[in-house]
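Only one structure is covered here, and it is reproduced in the block below.
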Amino acid sequence: MPSKLADAFRSHPVDIQPKNLHDLKELPDSYRWSADQDRPEPEPVHHEPVPVIDLSGPNALEEIGHACTTWGVFQVVNHGVPAAVLDRMEDVAKSFFSLPAHQKLKAARSPDGISGYGLARISSFFPKLMWSEGFTMVGSPLEHFHTIWPHHYTRFCDSVEEYEKQMQNLAQTLMWLMLGSLGITKEDLNWANNNSNSTTTTPRGGPKEEAAGSTSAAIQLNHYPACPDPDRAMGLAPHTDSTLVTILHQSNTSGLQVLRAGGGTGGWVTVPPIRGGLVVHVGDLLHILTNGLCPSVVHRAVVNRDRNRISIAYLHGPPSNVRISPVQKLVGPSQPQMYRAVTWSEYLGTKAKHFDKALSSVRLCAAAEAKDHNNNNNNNNNEVQVG
Ligand SMILES: O=C(O)CCC(=O)C(=O)O
Ligand SMILES: [Fe+2]
């Protein structure tokens, strides 16, 4: 079982290299999605907007609670992250993705690795390719940045470091508001009490071992080049994030769509970029932690004919030694425990193997529950049980 994030994909290597999409005048067949492969519809079918929440407003807690238990996604404004920090990070992404292909490939992610340049890992689950490229940072990007920008890497590292610090704080604030809206406090999560506020993304200091109790994080840069046939292409296929919380900054070009569940009224909803605003996703681990009360939002990215699009996801998770399971306060005779305990790296490995079946693969049925209970009792390792 992988104990560190960087080991999560060792047993499920993905070896698909990004292709240069910039100068293609026609959509190659390998990128042509058909309607039965979830190809985006020309128009979103659901028109109720995703909630926009003023974090400095008097009703923020209540609004966050409502958004998390209904949508699993919302946008925040007045969140305290300076626009200049977002702009500088966007600039890092633009600078990287506008490099020639052979330069970007110098930072290629290895097939079983987690950090570096490559296609979305979920590509291996689909018969067609996605119209995008990405760069993932877990631990320091310094080595990659030094290779790519031998004379300017410190400036880019500084921008990442600054971004990461701001996102770390915001992610903590948001997580406690989300949990607080359900009546959960720090006392209910033993691992959260000795949080040292450090993450695994340490741009200048090189890869760092996590301090005990620290949270983990990754930053994912995404680029969706302008596409000659956007209605038949897919930027990023529908998925949920394997995080507690994701904070997404999107450039001023729309593309993010979220799935609003619910029978006849459900459907895809575009999340319009708001200058300075940030999108917040409930991830699978928060879904588990809240015993299914907060749904992890299914989302995808569509592409544009004339415009490139950048998005930057801050993927926030628990410390890597912590096993996440439903908080006991949210478990009772009428709400039986829905999921077994998992660490973040274990869950990432499960996602790499089962993709959209990952949540159901850690779901408990009565027999599995009894078995899991026995396993936990016999488990003599020092992993922390949450909740
Ligand atoms: O580009 C977007 O809007 C979505 C990105 C995303 O879902 C991800 O990086 O997990
Ligand atoms: Fe995502």
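Looking at Phe74, is it aromatic (Phe, Trp, Tyr), touching a Phe, Trp or Tyr at 6+ places or on another chain (Cβ under 6 Å) and open to solvent by less than 10 Å² (accessible area, probe 1.4 Å)?
No: the conditions fail for Phe74.
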Residue in region 48-70 that is surrounded by the most Cβ atoms within 10 Å (Cβ to Cβ), counting only those that are in contact with an Asp or Glu (Cβ under 9 Å, 6 or more places away or on another chain) and in a loop (DSSP other than H, G, I, E, B): Pro51
Residue ID - nearest to ligand 1 (Cβ to nearest atom), chosen from residues in region 223-253 that are over 30 Å from Tyr347 (Cβ atoms) and assigned to a loop (DSSP other than H, G, I, E, B): Thr253
Subset of region 255-277 that is more than 9 Å from ligand 1 (Cβ to nearest atom) and polar (S, T, N, Q) - its residue that is modelled with the highest pLDDT: Thr270
Which numbered condition Ser214 misses (of (1) closer than 30 Å to Lys329 by Cα; (2) part of a loop (DSSP other than H, G, I, E, B); (3) open to solvent by less than 10 Å² (accessible area, probe 1.4 Å); (4) at pLDDT 85 or above): (4)
Of residues in region 120-136 being away from ligand 1 (no atom under 12 Å from the Cβ) and within 17 Å of Ser242 (Cα to Cα), the one surrounded by the most Cβ atoms within 10 Å (Cβ to Cβ): Ser123
Cβ pairs under 7 Å, 6+ apart, first in region 236-248 and among the hydroxyl-bearing types (Ser, Thr, Tyr), second more than 9 Å from ligand 2 (Cβ to nearest atom) and open to solvent by 10 Å² or more (accessible area, probe 1.4 Å): Thr240/Ser296; Thr240/Val298; Ser242/Leu348; Ser242/Lys351
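Yes/no per residue for (1) more than 14 Å from ligand 2 (Cβ to nearest atom); (2) touching a Lys or Arg at 6+ places or on another chain (Cβ under 6 Å); (3) closer than 21 Å to Gln168 by Cβ:
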residue	(1), (2), (3)
Val269	yes, yes, no
Pro273	yes, no, no
Gly277	yes, no, yes
Asn321	yes, no, yes
Ser325	yes, no, no
Options Val303, Val298: the member that is open to solvent by 10 Å² or more (accessible area, probe 1.4 Å), out of contact with any helix residue (DSSP H, G or I) (no Cβ under 8 Å at 6 or more places or on another chain), of a type in the set (A, V, I, L, M) and touching a residue at least 40 places away in the same chain (Cβ under 8 Å): Val298
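The values are calculated or read from the model by the stated rules, or taken from the named source; none is laboratory data. This is a predicted model, so every value here is computed, not measured. Note that we place each Cβ from the backbone using ideal geometry, even for glycine, and neighbour counts take in every protein chain shown. Keep in mind that these areas ignore ligands, DNA and RNA; they rest on the heavy atoms of the full protein, side chains included. Shrake-Rupley method; radii C 1.70, N 1.55, O 1.52, S 1.80 Å.
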